[in-house]
Amino acid sequence: MKLSKMHIKTLREVPNEAEIPSHILLLRTGMIRKLVSGVYGFMPLGWRSVRKIEEIVRREMDATGAQEIHMSAVQPAELWQESGRWYAYGPELWRLKDRNGRDFCLGPTHEEIFTDIIRNDVSSYRQLPMNLYQIQTKYRDEARPRFGLMRSREFIMKDAYSFDKDFEGLDESYRMMYEAYDRIFKRCGLDCRPVEADTGAIGGSNSHEFTAISEVGESEIAYCEHCSMAATTERAECVDAAPQPEVEQLPVEKVHTPGTKTIEEVAGYLNLDKSRTIKALLFVTYDEEGKENGYVAAFIRGDRELNMIKLINALGIPEHAIEFADEEKMGAATGCVGGFTGPCGLHDCTIAVDSELVGLKNLCAGANETDHHLVNVNYGRDYKGDIVTDLKVLQEGDPCPVCGAPVKHARGIEVGQVFKLGTKYSESMGAYYLDENQQKKSIVMGCYGIGVTRTLAAVVEQHHDENGIIWPMSVAPYHVIVTLVKPDDEVQAEVAENIYQQLLKAGVEVLLDDRKERPGVKFKDADLLGIPVRITVGKLAGEGKVEYKLRRDADKEEITIEEAIAKAIEIVNREK
């Protein structure tokens, strides 16, 4: 393709809305175009890279025996109501009505649709296992879309669904998809770490998130360098502090602690370590109609952080059905006092207690009275929990739950996730098969998603420098760019055209920058666009030489035209 004929517009200035490298560079290269907040279109170069990622995904999925189909993004509410997710998915579900008042949604995912297909088409164990997938546009009504393609309201996703006779079959399907994902992300040039993850609104028992390591990622992962433990901090289990059975329980005392509303303040006032205090967090929950459904008081050790996902899972509610409570309103109903709340004497609320507190002795907690705390508070004697479970965040330096070594934290971009759904959807939606004995059994399911457009952004995050993108060959919009320094110079133009044609004949995807622009503009655009190989045709063309440079390297060399063509073909065939 000749740049003089291509629809392309690069920007020299950083767009005001863009904060992270991928968003900045995809806008500056003109590869994406914003329509409204969280909604982007793809221009020629960007769309070529999207299609290459799709093709990598498609080839690896097909190699596992999965079959590609394509379903509508418009889904009837009845199927979501059958599965129980019409309410559970929350406000991110993009709901709409047709002219007759019938409810629909724009699909953020397709578990219900694929389950409906299988329950209508599969009746015998002989038809299983099966894996169906699609690559399709999805919609989520994000409250705060940001970071360009990272968190957008419209995006392209590959979603696959496996259907097996039993859980042993699911294990095998899950293994195949896990390994396929590993190959896909490696082929895309991503440094990815698979980690255990929460199942969220998708549901099921087990899940792994494929996280592209990046400082701008929204996923925080905890990992251990001494064993194989790796999980999102939402999912990571924590090791409780050792119980203190030998410690005598002292009598509870109420002490005056004026103005000490925070853990830091009360610990300092009483000269206590924060680990000897109990932190309270107060919440209100809502029912399916959005009405208040009750209060929750969660208690953890004072130096810990509450893990909201663990609390939500313990309560068995969706994420959107809980928020911090109005302390005065909750106080009137339960007896809590903002800044001085403790677990002793609360009423008419669900008390959730972190499991670590059960074994610790003689802690300090709020007295549910302004300017007062209780010391020597002990679980069992002084208070009990309606829910007792791990509610804390695994923090950097905490002991690994597997081997005990200090864990480390990293940030990353979630580019894919695999789930063991089990019978969550088949039972709620009636997807059964008859086994060898003609007994009705629930189909066992898995689901597997890859964010195609998010993968594009993740590649840019991991492959760029101060001058622009550095595309891996496999997903680059073009493999080679031939930069013609002086289009009006007949010798240079002839050499550039010759290189261009020979590369095309060799199957190389090549751009010819034949625009009547200053050389500096062309070189800046070549770096910005990030095409892997650049061949510059300039003043040495008459001597049969050109400049050859890889975008990822600082060095460049002057070699013969024939050598440049041969080297370009060789590296493209090796890396694409």
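Please give the charge dipole size of segment 280-427, origin at the Cα centre, charges +1 on K and R Cβ atoms and -1 on D and E Cβ atoms. Round to the nearest 20 debye.
680 debye
What is the log10 of I(q)/I(0) for segment 537-576, computed with the Debye formula using one identical point scatterer on each Cα and no solvent, at q = 0.17, 0.34 Å⁻¹?
So the normalised log intensities are -0.46, -1.12.
When all alpha-carbon pairs of segment 41-168 are counted, what percent fall beyond 21 Å?
When all Cα pairs of segment 41-168 are counted, 51 percent exceed 21 Å.
Obtain the radius of gyration and the Kirkwood radius of the chain from its C-alpha atoms and give Rg over Rh.
1.07
Testing the spin-label approximation: label points 7 Å from Cα along Cα→Cβ at T10 and S72. State their distance in nm.
With each label placed 7 Å out from Cα toward Cβ, I get 4.4 nm.
Place the peptides 295-305, 278-288 in order of packing, highest mean first, counting for every residue the other Cβ atoms within 10 Å and averaging per peptide.
Taking the mean over residues of other Cβ atoms within 10 Å, the ranking is 295-305, 278-288.
Taking +1 at the Cβ of each Lys and Arg and -1 at the Cβ of each Asp and Glu, which of A222, G169, L149 sits farthest along the dipole of segment 121-266 towards its positive end, judged by Cα position relative to the Cα centre?
Projecting each Cα onto the dipole axis, the largest value belongs to L149.
Using packing as a proxy for protection, rank 117-123, 176-182, 208-214 so that the peptide with the highest average count of other Cβ atoms within 10 Å comes first.
208-214, 176-182, 117-123
Please get the size of the charge dipole for the chain, origin at its Cα centre, with Cβ charges of +1 on Lys and Arg and -1 on Asp and Glu, quoted in debye to the nearest 20.
Working: 71 positive and 94 negative charges, 363 e Å.
Dipole of the chain, to the nearest 20 debye: 1740 debye.
What would the Debye formula give as log10 I(q)/I(0) at q = 0.23, 0.26, 0.27 Å⁻¹ for the alpha-carbon point model of segment 331-402, no solvent?
-1.08, -1.23, -1.27
Among I312, V14, G259, flag the residue with its Cα farthest along the positive direction of the charge dipole of the chain, charges on Cβ as +1 for Lys/Arg and -1 for Asp/Glu.
In the chain, that residue is V14.
Compare the peptides 101-110, 402-411 by average per-residue count of other Cβ atoms within 10 angstrom and give them in order, highest first.
Per-residue mean Cβ counts within 10 Å order the peptides as 101-110, 402-411.
Determine the alpha carbon to alpha carbon distance for each of K2/K158; K516/K545; K522/K545 and list only those over 29 Å.
K2/K158
All of the numbers you see were taken from the coordinates with simple rules; none came from a lab. Keep in mind that what you see is a predicted model, and the values were worked out from it rather than measured. With ideal geometry, Cβ positions are generated from the backbone for all residues, glycine too; neighbour counts draw on all protein chains shown.
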